[in-house]
Every structure is written in C-alpha cells, then in structure tokens.
1. Does L133 fit the bill of being crowded, with 24+ Cβ neighbours inside 10 Å, part of a loop (DSSP other than H, G, I, E, B) and in the same structural domain as P75 (by TED's automatic domain parsing)?
2. Checking the conditions here, which among A256, A272 is of a type in the set (G, A, S) and either under 30 Å from A22 (Cβ atoms) or surrounded by fewer than 16 Cβ atoms within 10 Å (Cβ to Cβ) (or both)?
3. What number of residues within segment 211-238 satisfy the criterion of being part of a loop (DSSP other than H, G, I, E, B) and within 24 Å of the chain's Cα centre (by Cα)?
4. Within segment 189-209, track down each residue that is farther than 15 Å from Q49 by Cα, surrounded by 22 or more Cβ atoms within 10 Å (Cβ to Cβ) and away from the ligand (no atom under 13 Å from the Cβ).
5. Which ranges mark the strands (runs of 3 or more DSSP E) fully within segment 3-120 that have 3 or more residues being more than 17 Å from I134 (Cα to Cα)?
6. Restricted to segment 17-39, and to residues that are among the charged types (D, E, K, R) and surrounded by 15 or more Cβ atoms within 10 Å (Cβ to Cβ), which residue is farthest from the ligand (Cβ to nearest atom)?
7. I'm checking my understanding of the structure. Among residues of segment 64-83 that are within 11 Å of the ligand (Cβ to nearest atom) and open to solvent by less than 10 Å² (accessible area, probe 1.4 Å), which one is farthest from I153 (Cα to Cα)?
Amino acid sequence: MKKRLFTPGPTPIPERVMLRMAEPIIHHRSPEFGEIMKRVGRNLKYVFQTEHPVLTLTCSGTGAMEATFVSLFSPGDTIIAVNGGKFGERWVKMPRSLGLNVAEIKVPWGKAVQREQILDAIQNNPKVKAVYLIHSETSTGTATDVKEIARVIREKSPALVCVDGITAIGAHELRFDEWGIDVCVAGSQKGLMIPPGLSFVALSRRAVAAMESSTLPKFYFDLRKALASFEKHDTPWTPAVSLIIGLDAALEMITAEGIENVWARHRRLSGALRSGIDAIGLKLFSESPSFAVTPVWVPQGVEWKALNKALKIDNGITIAGGQEDYAGKIFRISHLGYYDDLDMIAVVGALERALVAQKYPFEIGAGLSAAQNALLVGEPSTIDQV
Ligand SMILES: *Cc1c(COP(=O)(O)O)cnc(C)c1O
C-alpha cells in the first residue's frame, strides 16, 4: 500500500528534493556552498516578497521564534501576543519565560483575531514594542487577515508587526514589504517541502534597528550574528548543509511555479477539500479557514481512534488529530506544500472509505463528486473564506 502524508508538518518531500539531499555532502565554508546560500537567500526573499534579508537558521520554527524574542527585546519590554490556539499559547509562554511582559489577546479556537481586539490591546499598552500574530494557526486551521491587521497596527502604533508564518508561507498570500511586516518566521517542514530542521526569519529595517538596543541574553540565537553572516552568503555556525541543498531544489520548484500560483493552488485545493467534506455531511471547524490545513469535527457516532486507524492501516493515509481540548473531537487534513488535485481526490476518497467502515451514514461518492467538481469547474468553493 502506498503511504500518503497529510499532516501540517512534516509535509511530503518532492523526489527531486530527496535526490539532491542524497548527493555527497560538501563543506559549508566552500565557494560551492556560498553559491547555494546566495541563491537560497535570493529565492527566499522572493517567497517572502521582500527586499530585506531572510535568514536561514538551523533549528525548528520554535527556535526561530525564540531567536526573534531574544534578539529584538530587553527584559521587561511589553509585547502583545494573540492566543487562539496551541501555537498562540506558545508565543505567550515563551516570551514570558524569557522575561518579557506579555499582553495576551485570547481568541476562541477556530476564530480569527479582529481588528478591534488589536486596537484595544494597543490602547491599553501604549509602550508596546511588538505585536505577535499567527497567519495560519495550525492547531485550529484558522487564518488571520494579516494584511488588514498589520495595516491597523502600523496606523496606530510604532510597535513591530511580527508574524508566525510557519504554516502560512507558501500557502497564503503574504507580502512582507508591501504589508509593512517587520518580522516573519517560516519552517522547513511546512510549506517549503523539505524535512524538519531549518527555519527562516525575515527582518525589516525597523526590526534590524531594534536588535541594536536589545539586551536579553543570547548567543547561538543572536540574529545580529546571523545577519552579518547572511550578507556574506554564510552562516555563523555549521548549518544543516544537506537540508539547505534540499531547500535550494525546493525553492527552484517554487520559483518555477511562481509564488502567486503556489498561493492560488493552496486556495483551490483547500476549497475543493472543504466542498468534499461538506458534501459528506461533516462539519468544518474553523470560521476563517486556513489554506494550509483543514480541521473537521469528528461526527457523532464515530470514534476518532477507529477512524484514524481505518485511514492509516486500511488506506495508508496519515492525518493529524485535534490538540488539547479538541483531542478526539476534531481531525486535521493538511494540504500544505507538495500537493495537487489528485491528492485531494485521494484523501476525500480515503475519508469516505474510513467512514463507511465506521458505518457513518452518507451517500458514497458525494464527497468525491463535490471535490472533483470544485477542482474541474475551478470556481472558488461555496464555503470559502468567511
Ligand atoms: C509547526 C508550527 C510551529 C512550530 O514549529 P516547529 O518547527 O515545530 O518548532 C509554530 N507555529 C506554527 C503555526 C506551526 O505550524
């Protein structure tokens, strides 16, 4: 049986990328590697739609987020963080543990933060240094309107606009420069189609200036060091060489497709999946759907464990469960990165098979037909962004 991965990290890796990573390793202080770093740096700027530096760090996305906290701020600085899921909660806990004062905006799971909540928080914290947003909250499959929220922040406050774009980069439109974003983080095992182990940080001029006065303790995660190396197409420490070589191949694929086409593909595939799920009679979880991952309520009368087993053992399909309060209550299907139309047909087909095995009542083929129609007619889903 063919194994197929539909999780929001790690995501599937294209054959071309795997083959490049299998080549004999080269030294990281060599002209060949410098050329790769130069090309990767240029292509990352394109992916983030920025003229500013995009640093490559050897650590997972959480490490890159920590690097932004310790490199930009000083003890006692106030930041605002939006908590609407598991990752939002992390961006409240982590900066607190580092000695920052965090004003938390709590948002119910499945809902996106509203501009009024941001405005209130800014008004209540006039000395705020930064606002941390999550473009696509992976635990809830919920997208935030970063363009609009960034505009509101820039209009009302000098606070830096910092975006966890870890599952948004490569799935959602994001224009770092045009939208006035100051910091944006991405991860390798998400939309960038390579294994876990790398993360990326884009920094505006204002963010670079903030690093000059930051006094929180840091060494490995000092972004000033990474920035100085970046200018020389280098890294301060030994990087994950093979992953960067894989990234070079993955970025070639993204630039060949065109970033706008990559965003459009994610919008289309997620819309088709939502149509299929709706036609089966299942309920979607998020009020503001992410184009990276689709959360679905486990229907009445169906056990998540049994459904998951039927998907995995009988159909070779791995999806993700719900987290925290939603464990066993929702499941999440990812379509982030290396996916195409027929992958959506496969996952809807597998879901139908697993539901039949659970004796869940629905018309066999209803989901497949709806997904197929959405893909072939090419219209945006009727249950698109709300
Ligand atoms: C995966 C993810 C993270 C954490 O990244 P790691 O690479 O697991 O450290 C943070 N934020 C979001 C939105 C994510 O999807």
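The values are calculated or read from the model by the stated rules, or taken from the named source; none is laboratory data. Just so we're clear, the structure is a prediction, and the values are computed from it rather than from any experiment. Neighbour counts run over all protein chains shown; Cβ positions are idealised from the backbone, glycine included. Side chains included, ligands, DNA and RNA excluded: accessible areas come from the protein's heavy atoms. Shrake-Rupley method; radii C 1.70, N 1.55, O 1.52, S 1.80 Å.
1. Values: crowded, with 24+ Cβ neighbours inside 10 Å: yes; part of a loop (DSSP other than H, G, I, E, B): no; in the same structural domain as P75 (by TED's automatic domain parsing): yes.
The answer is no for L133.
2. On the way: A272 fails: either under 30 Å from A22 (Cβ atoms) or surrounded by fewer than 16 Cβ atoms within 10 Å (Cβ to Cβ) (or both).
Only one candidate passes the filter, namely A256.
3. The qualifying residues number 4.
4. M193, A207
5. Where strands (runs of 3 or more DSSP E) fall fully within segment 3-120 and carry at least 3 residues being more than 17 Å from I134 (Cα to Cα), they are 54-57.
6. It comes out as R39.
7. Step by step, filter segment 64-83, then rank; the result is A64.
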